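Participant: Quick one: the structure is below, questions incoming.
The values are calculated or read from the model by the stated rules, or taken from the named source; none is laboratory data. In this text the structure is predicted, and so the values were computed from the model without any measurement. Using ideal geometry, Cβ is built from the backbone for each residue, glycine included, and neighbour counts are taken over all protein chains shown. These accessible areas exclude ligands, DNA and RNA; they are computed on the full protein's heavy atoms, side chains included. Shrake-Rupley method; radii C 1.70, N 1.55, O 1.52, S 1.80 Å.
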Amino acid sequence: LRGAHPLNTTALESGIVCAPRDAPGHAPVSIPPAKLNDDYCDCADGSDEPGTAACPGAVFWCRNKAFRPVKLPSSWVDDGSCDCCDGSDEPAGTCTDTCSEERKKQLAMAKKQADAIIAGVATRQKYAKEAASDAKKDEREIKNLEQELERVEIDLKRSGRRADSLRKRRDYEDDLRRAAETNSPSPTSNPATDTGISSDEDSDDGDDAFIGNHDDHGNDGERNLELQTGDKEGGHDDHPDEKVKVKADAAQSEIENESKSDHKSHDDIHDDTDEDSAAEDDDVANDEDEDEDYSDDDDESFADDEDDDDKCPDCEEDGEEDEEKANAEEWNSDADDIDVDMVCAELGADGLNSILRKLNYYKIIVLSKLQRLLPISPPALIARERISDCVEKADTARYKLEDKKRHIQERLKKLKGKTSLDYGSDGALRKLHGKCIKKAVTQYEFEICPFDLVRQYEHGSVIAVLGRFKGWKGDGRNRLMNFAQGDRCWNGPARSIKVELSCGDTEEIVSVEEPNRCAYFMKFKTPAFCEKAAADAILADFEETERPKEEL
Amino acid sequence: AEWSKLKVCSDLGFCRRQRHFSLASGLAYCVVVDTIGRAQWRGMPAIVATVVSTAPGHPDLTLAVMDVGMHTFRVALHEVEPLLPRYVVRDALADGVQPRSLDDATLVIHADYANIFRSDAPARVRIMFDPFRVELVREDDAQVLAVLNADDRLQVEPLREKPPPSPSPSPSPSPSPEPSSKEKAEGSPSDAKAPSVAGATPGEENEDAGDDDYDAYEDEHDDEVTGVARKKEGESGDERGDGCDGCWEERFQSHTDSKLRGPESVGADMAFPFAEHIYGIPERTKRFSLEDTVDAEGNATSEPFRMYNLDVFEFELDKPLGLYGAIPFITARNKADTVGMVWLNSAETFVDIRAKKDSAGKSTHWFSESGIIDVYFLPGPSAKDVFQQYLRLTGSPAMPQRFALGYHQCRWNYRDEADSKAVDAEFDKRDIPYDVLWLDIEHTNGKRYFTWDYSRFPDPTALQNHIAARGRKMVTIIDPHVKRDKNYALHQFATEQKYYINKPDGTPFDGWCWPGSSSYFDFTSPTVRQAWASRFNPKDYPHFTEHLYTWNDMNEPSVFNGPEGTMQKDLLHGDNLEHRHVHNIYGHYFMQATFEGLLQGHGGNDRPFVLSRSFFAGSQRYGAIWTGDNTASWEHLANSVQMLLPLQITGMVFSGADVGGFFGNPAPELLTRWYQAGAFQPFFRGHAHLDTNRREPWLFGEPFTGLISQAIRRRYEYIPLWYTLFAGNALGQSGEFGESWRGPPMRPMWWEFPEDEEADTNERQWMVGNALLVAPVVKEGASKHTVYLPDNELWYDLYDPSGFGKAVVKAGNVEIECELDRMVVLQRGGTIVPKQERRRRSTAAMGRDPYTLVVALNARREAEGELYMDDGKSYDHKSGAYVVRRFRFADNTLSVETVGGGKKPFHGSDALVERVVILGYGGRGAGSATVEGRTVDVAYAASTGVLTVQRIQVKAGDGDWALKVE
């Protein structure tokens, strides 16, 4: 029976039952064999006219004996165009049977295609293997980097603190020196004492890092670092933390009441400093009540401080061996001696900060008074320069560490991003990560860096980024790489491009189109998309020529 | 936004001078009685008289009344002896429209009036002497149908010498630019300015002027004796030498119109005392029944309707401005009477419409920038008669090839060969029929028409053959502007031959268009048109094959850097014809030249297909037009009906709107609804702007793809109906078609139901022929839709979900459920519609497919219909290779007869009728049927009362057979 499904012909030949086309709603009627293919459409589903164009939307099967059956829409039957290779869709004598040649041609093509796929599959396996080891390598690197990052962060904290200590020490030294200079003509004068006290308070204030740790216990170390840095850079006048400032204001009156006479003669410049100091003092007092809450923090601080000491020689490594240096070292070691953290560590007890502070305070008072009694010694000045040098070196070390941290973080982000992407079942697509493939299409060149971006070139230079990788769209073999948020079109949307992958023996851009304005579409070949099943399917099509395929 | 860049009445001197002008109160024109008589007017037989006004400054006029056949009277008025020849429109009317001899007409001169009548005419012309009127009076009952000059607005500005600069008043340094405020445009009567009475009296001062000059001007390409040259001598006057408002020079934005000829506008009013509605004067976006622009007291209520062909970017809705084309033809009607009037003038023209005070009909006021008053009265009495009279006057629409009625797939632009083939293949893959693949400007080499961009289209011949393998065609765009590139053959050709429109200094005009600097062929010249037509051959147009047809765009003409995006009015066609006179007909000439090119290029026996954007009265002779660059919005979808109905009744029957909307991206629902509407409009093309997203029918997924495919397939089922309707217009003058098959294919409701007042203003639905009522859904998210069904008819709902052809029992405004899958199309009782229901890839494969006749019974259980058949493409029908068949159903018998042709076979003449579907057959059960003694099967659908007679297998185009249903 013309046009009938090759497996259905005999069944049809005894007649069929169907819903009648011309009487919708009527019960199914039986269509005798004589009314099959009689060029009149009886059945609503077109099943009585497989071999004519009578029923719109019906299906015509080309037997294509020498090749394989193919189905056509009935609209193609007897329309003057040869659509079946056996010519059965047109009246006899209209077309020639080209099925064997067609089969030969297509088989050759299919074989070629299948070979290419199989070659591709081999490459894909290689890709997958390499990708797996790459992935392991990357994971190892991530682990290492994470550890290194941890270390760097610790070092950073430490070096920060070190720099701060040194800076404090230097400031302290300056204060002492100033005090000494002021005192030397008239060692007993009161203003000098005031200055000394002022210096004490400055020094006290210099312990911000420490106190801040307690005060802003909700914040991490970095925050404190910032705070300190701000203090150092902006000077004491610019306290960056409003909260502290407010507290300070509140505390101010108390302080004033307590020590009005002392503060009366202070220079205006020092007012804020005083306030800060007072506030901190006040905080210290508060902290005493809440010491338990901070015990952990304190522990850490102590531990860090110990490390800090280890680091200290770093600064001095490149030092000279002359006497001055020895002096400086002496000063340094002195400085270490008065380092509150050290004191804490030595005390090894919890919740002793206020005691430490006070100890420190008294120590400084004592030292400054002592200083006042003695003439400024040249070694001390030299030591001061040495400290300055140390500060600078410590800062440089810190910046280097920060840099290193940033680099590690960037690398980690990259690696983690790379690792988190979907590279298909076997991960073979991972091999495309970091690759870029370019091709000229008309007057432009297009470049795809899979999992990264797509660019358009003209005359060798980039004229537009067409999109940045935003993930996959769709599922399975039909999924597309989605690149969006490219450069904005003049008077239009941001460019975007979808990339369809297919199997190929090597990476290659097949085509680039712009179906909608600024929305591009690329076809891209890669072995990483080759599947053996596809090759099998292509060849399977040629195995059983009599078995109809369900798809056209 | 664009609207504000266009001129309004107050920006134009002649509009200011004419709009509120009136010669009433004793100074009106009157006829010099003893001048009335038979005479030649421009060599044609006429009744001629002289008409004079006692008001100063108004020239004596020559009145000529002619009979141009089909009961149509022509009335011309102009200065008796103009100083310079005035332009008279040519080439709009059909060949052979010549005034009949008036020897057998009767001229009776009474004391106050004269009558001109002839025995076979339904209406006479009555000339009233004082005040002067020309009336069209129906013979039967003396009903006055139309009155020229009823309101004494007749004004012909005499051509005059430019006055010398006036010495006394100090020359004002500021020749203030013309006022352009919209307030002024709204036109209180106070801004009306009577023309200056100063200036030369024509005739007396120039003895050369006269009929000779008239002819000379009309034949401007052959004769150099003219006005502009002469005028140049007196050029030295100051800008407004005689103080005349906007007469000697006008400025708009950065453009200056030199107006060397000075003022020469003409205007007159035309009353239709019986009329309730005025329709016509496309192309614009206003209501179909034209709203008044002036109230009964004479106060302007809006801008006047403008006719000036412009490429209006992103045109807006509900504006009185003119768009790409102009047809100065109106139909005035009420439920009993219809009169048509053509104001044949191709210069810029305005029309005001107002209701007369005492509800005595409508009055229209027409004025044009130049030319003569040249009016044609089409006496009716029905709309169908007016339409036939109009087609007789301006020519029958071209008979399209069958493919042109299929679906057209267009886009700016299909990128390349692969893209074109992929689109073509996808239609096949989806089993969606289509007939023509279009290529827009990007297919050319740098917008040089007649060339190809070979980097995108390496082998255009192969591409065309590929597309044509399934019977399809291709269309490429060719615009009238020519890139000024000295290496471009067409430009070389035009330059050498001096075929371009010139600047006033005589050198070729160059304006800015798609290719950049461009010049424009002067298509007003027959020589140039012929030269253009000769380019349609494979030598001058590589890869011009038999499958290739043409799209003419930008022919208003569009000039990006010109005033209002078009040409300066003082450019010259030939040596002296100013562009202002021919502006509105330029696009028509271009279309004509292209039509000739395709006709010659395809060997003379292949009907051309030309799509044009601009048009004028008579352009229907050359092909199709579309409504230009619309927008993807629901409002524009609704507006497509408003825009197409005026085109239909003014003869431009092969017209359509871009499906989906040109600008913007239609939502899938809008696109689906647009396809559903477009499938039942005459020209059916999907098109989209370069910047829009792709929108081929399959790109939106289900249900949209399926519904769009369904709409297109339904279009194809009705191709025999469309083809017959087009044949009825194109070939119907022979009288072989019944009256219902002569008339626009897409008809306003009132056309079929003139006495139904609801129909008068209905512009949301239409009739295809007399048979199908189409009421497209044009609202987003609509689930209910109101369709108006005129009473006293039976209506069968063709797409009722509960069954094909179910009778609708209600009349009036009927609410119908209309989910997205629902198209509202009903067949009217009493009609027989031929269909071809087999699905095909294109119309080419349908030629021999069997027919289904859908018989919709009326209350008397009768019906009638026709079918035209020919080979679908050639002119062989002219030598008899066609057939017109008339089907009648009565007394349970369907009979057929040949009423035209049938003498020669043609491809498809052996096609069969396979089914007859009888709607409204009703509860009589299945029964049986016999054809020529043979018993044939029947099937009866009880739920719908539809009886189908099956396997009839008799020839559709031959033999007298009868089908009897028991």
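Participant: Would you point out which residue out of B:Leu867, B:Leu826 is more than 14 Å from chain A (Cβ to nearest Cβ), closer than 30 Å to B:Gly908 by Cα and free of Cβ contacts under 8 Å to residues at least 60 places away in the same chain?
Facilitator: Exactly one residue qualifies, and that residue is B:Leu826.
Participant: Would you mind telling me which numbered condition in (1) outside any helix (DSSP H, G or I); (2) away from chain B (no Cβ under 11 Å); (3) among the small types (Gly, Ala, Ser) A:Ala11 fails?
Facilitator: Only one criterion is unmet by A:Ala11, namely (1).
Participant: Within the range B:129-164, can you find the residues that are touching a residue at least 60 places away in the same chain (Cβ under 8 Å), more than 30 Å from the chain's Cα centre (by Cα), open to solvent by 30 Å² or more (accessible area, probe 1.4 Å) and more than 19 Å from B:Ser265 (Cα to Cα)?
Facilitator: B:Asp130, B:Pro131, B:Pro164
Participant: Moving on. When you scan the range A:461-481, do you find a residue that is touching a strand residue (DSSP E or B) at 6+ places or on another chain (Cβ under 9 Å), farther than 24 Å from A:Ala128 by Cα, within 14 Å of chain B (Cβ to nearest Cβ) and open to solvent by 20 Å² or more (accessible area, probe 1.4 Å), even just one?
Facilitator: No.
Participant: Okay, moving on. Checking the structure you have, find out if any residue of the range B:79-98 is part of a loop (DSSP other than H, G, I, E, B), among the acidic types (Asp, Glu) and free of Cβ contacts under 8 Å to residues at least 40 places away in the same chain.
Facilitator: Within the range B:79-98 (the criterion being part of a loop (DSSP other than H, G, I, E, B), among the acidic types (Asp, Glu) and free of Cβ contacts under 8 Å to residues at least 40 places away in the same chain), the answer is no, since none of the residues qualifies.
Participant: Consider B:Phe906 carefully, then state whether it is under 20 Å from B:Arg402 (Cα atoms), surrounded by 17 or more Cβ atoms within 10 Å (Cβ to Cβ) and more than 12 Å from every other protein chain (Cβ to nearest Cβ).
Facilitator: For B:Phe906, the condition - under 20 Å from B:Arg402 (Cα atoms), surrounded by 17 or more Cβ atoms within 10 Å (Cβ to Cβ) and more than 12 Å from every other protein chain (Cβ to nearest Cβ) - is met.
Participant: Please list, ordered by first then second residue, the pairs with beta carbon atoms under 8 Å, 6 or more apart or interchain, first in the range A:16-35 and within 9 Å of chain B (Cβ to nearest Cβ) and open to solvent by less than 50 Å² (accessible area, probe 1.4 Å), second in a loop (DSSP other than H, G, I, E, B) and of a type in the set (Asp, Glu).
Facilitator: Correct list of pairs: A:Pro20/A:Asp42; A:Asp22/A:Asp42; A:Val29/A:Asp42.
Participant: Can you spot a residue in the range B:646-653 that is open to solvent by 10 Å² or more (accessible area, probe 1.4 Å) and within 18 Å of the chain's Cα centre (by Cα)?
Facilitator: There is at least one residue in the range B:646-653 that is open to solvent by 10 Å² or more (accessible area, probe 1.4 Å) and within 18 Å of the chain's Cα centre (by Cα).
Participant: Go through the range B:749-789 residue by residue and tally those that are free of Cβ contacts under 8 Å to residues at least 40 places away in the same chain, more than 27 Å from B:Ala332 (Cβ to Cβ) and open to solvent by less than 40 Å² (accessible area, probe 1.4 Å).
Facilitator: So the answer is 3.
Participant: All but one of (1) over 18 Å from B:Arg402 (Cβ atoms); (2) at pLDDT 95 or above; (3) crowded, with 19+ Cβ neighbours inside 10 Å hold for B:Glu864, so report the exception by its number.
Facilitator: With respect to (1) over 18 Å from B:Arg402 (Cβ atoms); (2) at pLDDT 95 or above; (3) crowded, with 19+ Cβ neighbours inside 10 Å, B:Glu864 is out only on (3).
Participant: To continue, here is another question. Where in the range B:247-345 are there strands (runs of 3 or more DSSP E), lying fully within it, with 3 or more residues that are more than 30 Å from B:Asn576 (Cα to Cα)?
Facilitator: In the range B:247-345, the matching strands (runs of 3 or more DSSP E) lie at B:266-272, B:277-280, B:329-333, B:338-343.
Participant: All but one of (1) open to solvent by 20 Å² or more (accessible area, probe 1.4 Å); (2) more than 14 Å from chain A (Cβ to nearest Cβ); (3) outside any strand (DSSP E or B); (4) not polar (S, T, N, Q) hold for B:Arg848, so report the exception by its number.
Facilitator: All conditions pass for B:Arg848, except number (2).
Participant: Against the definition (away from chain A (no Cβ under 14 Å), closer than 30 Å to A:Val59 by Cβ and crowded, with 21+ Cβ neighbours inside 10 Å), how does B:Val854 come out, yes or no?
Facilitator: no
Participant: So, in the range B:806-818, of the ones that are assigned to a loop (DSSP other than H, G, I, E, B) and within 34 Å of the chain's Cα centre (by Cα), which residue ends up nearest to the other protein chains (Cβ to nearest Cβ)?
Facilitator: Filtering first and then ranking leaves B:Cys818.
Participant: Yes or no: the range B:43-54 includes at least one residue that is under 27 Å from the mean Cα position of the chain (by Cα) and surrounded by fewer than 23 Cβ atoms within 10 Å (Cβ to Cβ).
Facilitator: So far as the range B:43-54 goes, no, none of its residues is under 27 Å from the mean Cα position of the chain (by Cα) and surrounded by fewer than 23 Cβ atoms within 10 Å (Cβ to Cβ).
Participant: Then there's this: Here are the criteria: (1) within 30 Å of B:Pro526 (Cα to Cα); (2) part of a strand (DSSP E or B). Tell me which single one B:Val52 does not satisfy.
Facilitator: (1)
Participant: If you go through the range B:506-519 one residue at a time, do you hit one that is open to solvent by 10 Å² or more (accessible area, probe 1.4 Å), assigned to a loop (DSSP other than H, G, I, E, B) and at pLDDT below 95?
Facilitator: yes
Participant: Ok, one more. Quick check on my filter: what residues within the range A:36-54 are more than 8 Å from chain B (Cβ to nearest Cβ) and under 17 Å from B:Val917 (Cα atoms)?
Facilitator: Residues satisfying the conditions are A:Cys41, A:Cys43, A:Ala44.
Participant: Criterion first (open to solvent by 10 Å² or more (accessible area, probe 1.4 Å), in contact with a Ser or Thr (Cβ under 6 Å, 6 or more places away or on another chain), of a type outside the set (Ser, Thr, Tyr) and assigned to a strand (DSSP E or B)) does B:Arg886 satisfy it?
Facilitator: Against the criterion (open to solvent by 10 Å² or more (accessible area, probe 1.4 Å), in contact with a Ser or Thr (Cβ under 6 Å, 6 or more places away or on another chain), of a type outside the set (Ser, Thr, Tyr) and assigned to a strand (DSSP E or B)), B:Arg886 does not qualify.
Participant: Go through the range A:78-104 and report how many residues are open to solvent by 70 Å² or more (accessible area, probe 1.4 Å), of a type outside the set (Asp, Glu) and more than 14 Å from chain B (Cβ to nearest Cβ).
Facilitator: Final tally of qualifying residues: 4.
Participant: Do we have any residue at all in the range B:939-957 that's surrounded by fewer than 24 Cβ atoms within 10 Å (Cβ to Cβ), at pLDDT below 95, assigned to a loop (DSSP other than H, G, I, E, B) and more than 14 Å from chain A (Cβ to nearest Cβ)?
Facilitator: Checked the range B:939-957: no residue is surrounded by fewer than 24 Cβ atoms within 10 Å (Cβ to Cβ), at pLDDT below 95, assigned to a loop (DSSP other than H, G, I, E, B) and more than 14 Å from chain A (Cβ to nearest Cβ).
Participant: A follow-up question, please. Determine whether the range A:58-74 contains at least one residue that is within 14 Å of chain B (Cβ to nearest Cβ), assigned to a loop (DSSP other than H, G, I, E, B), at pLDDT 90 or above and closer than 22 Å to A:Pro91 by Cβ.
Facilitator: yes
Participant: Being under 15 Å from B:Glu546 (Cα atoms) and among the charged types (D, E, K, R) is the filter here, so list the residues in the range B:417-471 that pass it.
Facilitator: B:Asp435, B:Arg470, listed by residue number.
Participant: Can you tell me which residue is farthest from A:Cys503 (Cα to Cα) among those in the range A:407-463 that are charged (D, E, K, R) and part of a loop (DSSP other than H, G, I, E, B)?
Facilitator: By that ranking, first place goes to A:Asp452.
Participant: Tell me which residues, restricted to the range B:928-938, are touching a strand residue (DSSP E or B) at 6+ places or on another chain (Cβ under 6 Å) and within 13 Å of chain A (Cβ to nearest Cβ).
Facilitator: B:Ala929, B:Val936, B:Val938
Participant: On the basis of being open to solvent by 10 Å² or more (accessible area, probe 1.4 Å) and closer than 26 Å to B:Arg402 by Cα, does B:Trp698 make the cut?
Facilitator: yes
Participant: Output the number of the condition that B:Ser842 fails; it satisfies all remaining conditions of (1) more than 24 Å from B:His408 (Cα to Cα); (2) at pLDDT 95 or above; (3) under 31 Å from the mean Cα position of the chain (by Cα).
Facilitator: All conditions are met except number (1).
Participant: When the residues of the range B:790-805 are narrowed to those that are open to solvent by 20 Å² or more (accessible area, probe 1.4 Å), within 14 Å of chain A (Cβ to nearest Cβ) and not aromatic (Phe, Trp, Tyr), which ends up nearest to the chain's Cα centre (by Cα)?
Facilitator: Filtering the range B:790-805 for residues that are open to solvent by 20 Å² or more (accessible area, probe 1.4 Å), within 14 Å of chain A (Cβ to nearest Cβ) and not aromatic (Phe, Trp, Tyr), the one nearest to the chain's Cα centre (by Cα) comes out as B:Asp800.
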